[in-house]
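Nothing in this text is a laboratory measurement; each read-out follows from the coordinates by a stated rule. Source: prediction; values computed, not measured. Glycine also receives a Cβ, built like all others from the backbone with ideal geometry; neighbour counts cover every protein chain displayed.
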Amino acid sequence: MSAALLEKLASRAASIRRARRIRTRCLRLIDDDAATFARVIRASRRSRAAWARALKSAIGVPAEVLRHAAALLRLSRALRREIHPRYRVDLDCAVLLARASGQAARALVATNLAWLGDPAYARRIRRQLARLA
């Protein structure tokens with residue numbers, strides 16, 4: 001929703017394309033999330049190793065959501081200078097939605113990393129995600 005709002009507000013072609021690419025990818029992530037976590041559930045019935053591999057794959061989806069949320073926040077800062085003040089409420093909504101998506105994604109990653117119990121992998125993922133803050 002944040003990307004759609006920003007796409008609507010943007011006036012420069014590059015900003016419109018950027019928001020559209022993020023919106024399109026995030027729509028696909030909805031299905032990807034359901035599919036990858038279904039694999040986690042199925043793998044949990046087989047073995048710990050299969051479950052751990054599936055969970056690492058599933059962590060990638062909210063991590064990608066977090067990256068897109070950060071990109072949308074950067075785009076919203078650029079658009080703030082361009083848009084007419086009467087549209088600021090739409091921009092503010094886009095910012096809030098991007099922040100909420102990022103926070104939810106960060107919480108999901110943290111939970112999944114805790115379940116995984118692989119400290120080295122968790123450090124690597126946390127370092128990658130810390131760069132987005």
Residues in the range 14-30: is at least one under 18 Å from Val109 (Cα atoms), free of Cβ contacts under 8 Å to residues at least 12 places away in the same chain and surrounded by fewer than 14 Cβ atoms within 10 Å (Cβ to Cβ)?
yes
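Kindly provide the set of residues from the range 22-55 that are of a type in the set (D, E, K, R) and either under 13 Å from the mean Cα position of the chain (by Cα) or outside any helix (DSSP H, G or I) (or both), ordered by number. So that I can check it myself, show each step before the final result.
Taking the range 22-55 and keeping what is of a type in the set (D, E, K, R), we get 23, 25, 28, 31-33, 39, 42, 45-46, 48, 53.
Arg23, Arg25, Arg28, Asp32, Asp33, Arg45, Arg46, listed by residue number.
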Just give me the residues in the range 41-52 being touching a Lys or Arg at 6+ places or on another chain (Cβ under 9 Å) and closer than 28 Å to Leu132 by Cα, in sequence order.
Trp51
Which condition from (1) free of Cβ contacts under 8 Å to residues at least 40 places away in the same chain; (2) acidic (Asp, Glu); (3) over 22 Å from Gln128 (Cα atoms) is the one that Asp33 breaks?
(3)
So which residues in the range 78-133 are of a type in the set (Val, Ile, Thr) and in a helix (DSSP H, G or I), if there are any at all?
Val89, Val95, Val109, Thr111, Ile125
Mind checking which residues of the range 36-58 are among the charged types (D, E, K, R) and exposed (fewer than 12 other Cβ atoms within 10 Å of the Cβ)?
Arg45, Arg46, Arg48
